[in-house]
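Following: one structure in structure tokens, then a few remarks.
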Amino acid sequence: PPLQNNQPVEFNHAINYVNKIKNRFQGQPDIYKSFLEILHTYQKEQRNAKEAGGNYTPTLTEQEVYTQVAKLFKNQEDLLSEFGQFLPDA
Amino acid sequence: SHDFTPLDSSAVYVLSSMARRRRASQS
């Protein structure tokens, strides 16, 4: 999708955050991979809900995303709290 | 940024769209 005027801030924040996670879990690629899978599942659910026009409730809620990421990022409080800044209604 | 894989890029995309949705829900 084309970039909109107010998008770059969020985009840059996301890039920095993904870099931070990659660096932190350099020796644990499975953790990074699981994080990506959670994100993709969430995105897919959001898309399904949007296409269903309100007739579909995502099975992966924001709360569940946060809980799953918290399990992954245990002992990495800074990463988790930063993740909370991205998540709607966290 | 440097050595971003397609997977990384899609993570960036999901995160920034999350952030947009968050902002939309707050305003």
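Since every read-out is calculated from the coordinates, none of them should be taken as a lab result. On a predicted model such as this, the values are computed, not experimentally measured, just so you know. Don't worry about glycine lacking a Cβ; one is built from the backbone with ideal geometry, like all the others, and counts go over all protein chains shown.
Residue selection: A:Gln68 satisfies the criterion of being touching a residue at least 12 places away in the same chain (Cβ under 8 Å), in contact with a helix residue (DSSP H, G or I) (Cβ under 6 Å, 6 or more places away or on another chain) and part of a helix (DSSP H, G or I). The set of residues from region A:27-63 being away from chain B (no Cβ under 14 Å) and in a helix (DSSP H, G or I) comprises A:Asn48, A:Glu51. Does A:Tyr17 meet the test of being in a helix (DSSP H, G or I) and touching a residue at least 40 places away in the same chain (Cβ under 8 Å)? So A:Tyr17 fits the description; yes.
Within region A:71-83, can you find the residues that are assigned to a helix (DSSP H, G or I) and surrounded by fewer than 13 Cβ atoms within 10 Å (Cβ to Cβ)? Result: A:Lys71, A:Glu77, A:Asp78, A:Ser81. Residue-level check: of (1) within 24 Å of B:Gln26 (Cβ to Cβ); (2) free of Cβ contacts under 8 Å to residues at least 40 places away in the same chain; (3) touching a helix residue (DSSP H, G or I) at 6+ places or on another chain (Cβ under 7 Å), A:Ser34 misses just (1). In the set A:Thr61, A:Thr41, only one residue is of a type in the set (S, T, N, Q), under 20 Å from B:Tyr13 (Cβ atoms) and without any contact (Cβ under 8 Å) to a residue 60 or more places away in the chain; that residue is A:Thr41. Only one of the numbered conditions (1) within 14 Å of chain B (Cβ to nearest Cβ); (2) on the phi > 0 side of the Ramachandran plot is not met by A:Glu10, and that is (2).
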